[in-house]
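Below: one structure, written as structure tokens.
Every number here is computed from the coordinates shown, using simple stated rules; none is lab data. Keep in mind that this is a model prediction, so the values were computed, not measured. Here the Cβ positions follow ideal geometry from the backbone for every residue, glycine too, while neighbour counts run over all protein chains shown.
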Amino acid sequence: MSCDFQELGVIGRGAFGEAMLVQATGSGKQYVMKQISLLGLNSDQAENIFAEADALQLLDHPNIVKCHRCWINATAKSTDAHAAHKEQLISLPLRSSLLKWPGSHDNSAYAIPKSLHMLLELADGGSLDRVISNCHTHMEEFLLGIWIAQMLLGLLHMHETHLIHRDLKPANIFVTRTGIIKIGDLGGSQHIRDLSEECSSQYGSPLYMCPEVWSRGQCSAKSDIWSLGCVAYELLQLFPPFQMPCLTERVLHAQPLPLPTTYSLKLRGLIMSMLHKDPAKRPTTHQLVENAYISNCIRDWVLLSTSQHSSDQLGMNHNMNSANKMVPGREKMQHYMHDMCKMSWQTEY
């Protein structure tokens, strides 16, 4: 399986592995191959790796990074040259696949899983973290509204599958060069029986952790709403709503700086509702997606996407003036995505 791809370079490194840009030898299509060592992990570290692989294979949504396949490599027990390497595709759930790994209950050569490989969709516009860091002026509401709507659609799919992300932040949300948002890095995701259920958790990135995690060590689907509210706030303001020093005190008791009045009251009010200190008063993903403002943004995105597909099918990509007349705002989207993607898109997956 690894031999089916040509490695083009490392685009990200983490504590337990690296992400490689690879190209399929047959089709020439590019992907991200995430390679994670399974040796020497403690139970919590292994659980996060299992969670990401299982979640990515379970979820199928245009606004979530797609996992095309997973496989594991084994360390050979013997010194037999023919037993030095083995790859095997794995099925869901990953925990069961590892328990059934050939040799896990006998003395054969392939007893020890060595590394996990995940072949992921490439979001070639980079992470929102990189987008924000390269912005020197505030982005226009037209673009941000469409991005926030897509984030909510991806998160809604996760919540409908009874998964909470637990670590939404700009570095874990990606965008393609055509403006499609992709939620990624599901290593902290957790299955819950009910969306109102709270579970014990201190997991997450401090700048995006909600008050109930700081004060009670409890998280729920509403914790994802807070984190996504922080991401949306940062897209508008170009800095997070709560920062050091005294981060915990600010999250628990302070209010963030008002959002720029250049943005509509509807958008500002929507984001601030996601940042309510009381999780019971935060809207659900369903309520947010059904909000009139977000519904309009979803409609705009559908029109833009349909226009893009139609013009590509008709060969209109060489006649952009005609294509731009099909849907108001398309030219604006192209302009911003062109400017955003002048930067280097390499980032951690």
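Summary of computed values
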| item | result |
| --- | --- |
| Mean shadow area of the range 128-294 over all directions, Cα convex hull, nm² | 9.1 nm² |
| Using θ = phi - 60° and Karplus 6.51 cos²θ - 1.76 cosθ + 1.60, couplings along the range 171-185 (whole Hz; Gly, Pro as x) | 5, 9, 10, 10, 9, 8, 5, 9, x, 8, 7, 9, 7, x, 6 |
| 5 angstrom amide H check on G126, placed H, neighbours 5+ away | V175 |
| Computed lengthening from C199 to L238, 0.36 nm per intervening residue step minus Cα-Cα distance | 10.9 nm |
| Interchain or long-range residues, amide H under 5 Å from F5's placed H | T25 |
| Loop sites in the range 176-233: GluC sites (Glu not before Pro), DSSP, at most 16 other Cβ within 10 Å | E197 |
| For Q218, residues with placed amide H under 5 Å, excluding near neighbours | S201, V213 |
| Centroid-to-centroid separation of the range 41-61 and the range 208-267 [C-alpha atoms, Å] | 26 Å |
| Packing-based exposure ordering (other Cβ within 10 Å, fewest first) of K266, K66, K222 | K266, K66, K222 |
| Sequence of F5, F242, F174 once ranked by neighbouring C-beta atoms within 10 Å, starting from the fewest | F5, F242, F174 |
| J(HN,Hα) series, the range 242-249, from Karplus relation 6.51 cos²θ - 1.76 cosθ + 1.60, nearest Hz, glycine and proline x | 9, 9, 5, x, 6, 4, 4, 4 |
| ³J(HN,Hα) computed for each position of the range 128-137 - Karplus, 6.51 cos²θ - 1.76 cosθ + 1.60, integer Hz, glycine/proline x | 5, 4, 6, 4, 5, 5, 9, 8, 10, 9 |
